[in-house]
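Visitor: Starting off with a structure, shown below.
Computed from the coordinates by the stated procedures, all read-outs in this text should not be read as laboratory data. Predicted, not measured: the structure shown is a model, and the values here were computed from it. When we count neighbours, we look across all protein chains shown, and the Cβ atoms used for this are built from the backbone with ideal geometry, even at glycine.
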Amino acid sequence: MSGGKNFYSKLQRWADEFKMSLYGAILAFSEKRFLTAFIIAFIFFGTLLNMLVGGAAGFALFSSANLGGKLEILRDAFLGTFGVGREFIDWLFIFFMTILQATLIGLVVFVFKYRKDSANLQNAGIITGLIILGSGCPTCGTSVLAPIIISIAGSSGMAVVGTVSWVLTVLSIVVAFFALKKVGFETYAILMEERYNSKKKGKNESRRDS
């Protein structure tokens, strides 16, 4: 019985901390440092992942195109982030991954100012890198690793690209929620501390004025 109660207690605590982590991530959208990093990451990775929809051929076309062609490809890839010219299922997954990536990167940038030596921050940075590498369009059989695999293994690399994409993407999503919990919780703690100090400073100033 005690073991079951301890497990339930730990699970409840984990759930409570995760709620605070999500709340911290939501509150971070009002912070300029987070918002700037989020927007840059969202544009960059949204465009990159949509270029992957065409597989390695998309990058080959981009590299061989002239300046006007490159700009057109980038424009279409950027618009694809918002569902323009994309199948709904593929778009939904890519949009979700882009939001997740941008949020984690924004939180890491925000927390870095206050917790440069945090183990949670270091772990989140590693996990963010895993998410970037694992991201792509599994239904299309592509990932950010696809061009690397193909360049190393040649045409035979195409056979493993799809499997690698699925495995890394699923793994990165699962691990990302743990990273979000850690960095989001630190963000929540930082913002609550700032609010407390701000209120305390305001009370002290009002006392001096009176």
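Visitor: Using 0.36 nm times the number of residues separating E87 and N66, minus their current alpha carbon distance, what extension gain do you get?
Guide: Numbers: separation 21, 0.36 × 21 = 7.56 nm, distance 2.74 nm.
So the extension gain works out to 4.8 nm.
Visitor: Quick one: if you stick a label point 7 Å off each Cα along the C-beta vector at F18 and I99, how many nm between them?
Guide: It works out to 1.7 nm between the two label points.
Visitor: Also, I was wondering about something else. Let me check I've understood the local charge: for N50, count other residues with C-beta under 11 angstrom from its C-beta, Lys and Arg +1, Asp and Glu -1. What total comes out?
Guide: Working: positive: R75, R86; negative: D76, D90.
Residues close to N50 contribute a combined charge of 0.
Visitor: Can you tell me the length gained on complete extension of the stretch T36 to F177, counting 0.36 nm per residue apart and subtracting the Cα distance?
Guide: Working: separation 141, 0.36 × 141 = 50.76 nm, distance 2.19 nm.
The span from T36 to F177 would gain 48.6 nm if fully extended.
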